[in-house]
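**Q** Please read through the structure below; I'll follow up with questions.
The values are calculated or read from the model by the stated rules, or taken from the named source; none is laboratory data. Bear in mind the structure is a predicted one, so any value in this text is a computation, not a measurement. We place every Cβ from the backbone using ideal geometry, glycine too, and count neighbours over all the protein chains shown.
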Amino acid sequence: MPPTRPRASTEDVHALLRADVLAGVHEPGSKLKFAALCQRYGASVSVVREVLSRLAEQGLVTSEPRVGFRVRSVSIADLRELTSARIDVESLALRAAIERGEMDWESDLVAAHHRLERTPLLTGEPPRVSDEWERAHATFHSTLLAACGNAWLLAFACTLRDAAEFYRRWSQTQEPGRNVAAEHRGLLQAALDREPDSAVQRLREHYQRTADILEAALAATAPTETVPR
């Protein structure tokens, strides 16, 4: 009798399915079927259900009564709401972090920025944003807020960051003429200089530039969609 392959753990399946959703293996709006997911990830139905529930809490999938789970859809209206919420939440957290952060926070922030600057942005052919850069980018932005002292704000910020990453990964849009590295350096310096107004303004502009680029990509794929400003 052939040996039975061990079932994948919840954490393993969560990491794999999350990565696949962000990478576009499961397209936006597509239904996530239990049988196919169990086979793909070598997991039980209960594990897959728990993972999908966690991804729904993180804003990467949606749950519909009597329908099941789907990968979240993309739309201009949703992107605008997401960007507005992210700016509001992270602005509060960033102000608090600048006020409360001590030398350890400054050291962690400098280290996170150093890794981000030294990590290549693009990889492959055709070029796409590398997974390593995405991880370094997420770490830098989470470290910016880490000293805020409010676990709820950090949790909300993390959920919104996952949703924003979903849009960035979906579009894989290049940004000619934009100096993202300079934007990150400006954020770092404003935080280290303890200038909350400047830091928040730079954060707002940083996220809004990204949102404008993503909105243009969405409009190009769905030219009939019109959303009033």
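**Q** Hey, GLU134 hits all of (1) of a type in the set (D, E, K, R); (2) more than 13 Å from the chain's Cα centre (by Cα); (3) closer than 24 Å to VAL74 by Cβ but one; which does it fall short on?
**A** (2) is the only condition that GLU134 fails.
**Q** Considering (1) free of Cβ contacts under 8 Å to residues at least 40 places away in the same chain; (2) closer than 18 Å to HIS206 by Cβ, say which one PHE140 fails and leave the rest.
**A** Unmet for PHE140, out of (1) free of Cβ contacts under 8 Å to residues at least 40 places away in the same chain; (2) closer than 18 Å to HIS206 by Cβ: (1).
**Q** Moving on. Within region 24-34, can one find any residue that is of a type in the set (D, E, K, R) and closer than 24 Å to ARG168 by Cβ?
**A** yes
**Q** Looking at (1) in contact (Cβ under 8 Å) with a residue 60 or more places away in the chain; (2) in contact with a Pro (Cβ under 7 Å, 6 or more places away or on another chain); (3) of a type outside the set (D, E, K, R), which is the one condition that is false for SER130?
**A** Only one criterion is unmet by SER130, namely (1).
**Q** Mind checking which helices (runs of 4 or more DSSP H) fall wholly inside region 1-74 and carry at least 1 residues that are under 16 Å from the mean Cα position of the chain (by Cα) and in contact (Cβ under 8 Å) with a residue 12 or more places away in the chain?
**A** Qualifying helices (runs of 4 or more DSSP H): 10-23, 45-57.
**Q** Of all residues in region 42-101, how many are under 17 Å from LEU154 (Cα atoms) and modelled with pLDDT of 95 or more?
**A** 20
**Q** Do we have any residue at all in region 165-173 that's assigned by TED's automatic domain parsing to the domain that holds ALA96 and either without any contact (Cβ under 8 Å) to a residue 40 or more places away in the chain or aliphatic (A, V, I, L, M) (or both)?
**A** no
**Q** Oh, and also: Looking at ALA111 and the list (1) touching a Lys or Arg at 6+ places or on another chain (Cβ under 7 Å); (2) small (Gly, Ala, Ser); (3) surrounded by fewer than 17 Cβ atoms within 10 Å (Cβ to Cβ); (4) within 19 Å of GLN189 (Cβ to Cβ), which single condition is not satisfied?
**A** Going through (1) touching a Lys or Arg at 6+ places or on another chain (Cβ under 7 Å); (2) small (Gly, Ala, Ser); (3) surrounded by fewer than 17 Cβ atoms within 10 Å (Cβ to Cβ); (4) within 19 Å of GLN189 (Cβ to Cβ) one by one, ALA111 breaks only (1).
Listed here are the residues, each with its yes/no results for (1) of a type in the set (Ser, Thr, Tyr); (2) touching a strand residue (DSSP E or B) at 6+ places or on another chain (Cβ under 9 Å).
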| site | (1), (2) |
| --- | --- |
| ASP12 | no, no |
| ALA15 | no, no |
| PRO28 | no, yes |
| ARG49 | no, yes |
| VAL61 | no, yes |
| ARG66 | no, no |
| ARG72 | no, yes |
| SER75 | yes, no |
| THR83 | yes, no |
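**Q** Let me ask another. Are any residues in region 90-108 under 17 Å from the mean Cα position of the chain (by Cα) and surrounded by fewer than 21 Cβ atoms within 10 Å (Cβ to Cβ), and if so, which ones?
**A** SER91 - this is the single residue of region 90-108 that is under 17 Å from the mean Cα position of the chain (by Cα) and surrounded by fewer than 21 Cβ atoms within 10 Å (Cβ to Cβ).
**Q** Would you check if there is a residue in region 156-179 being assigned to a helix (DSSP H, G or I), exposed (fewer than 13 other Cβ atoms within 10 Å of the Cβ) and not polar (S, T, N, Q)?
**A** Scanning region 156-179, I find no residue that is assigned to a helix (DSSP H, G or I), exposed (fewer than 13 other Cβ atoms within 10 Å of the Cβ) and not polar (S, T, N, Q), so the answer is no.
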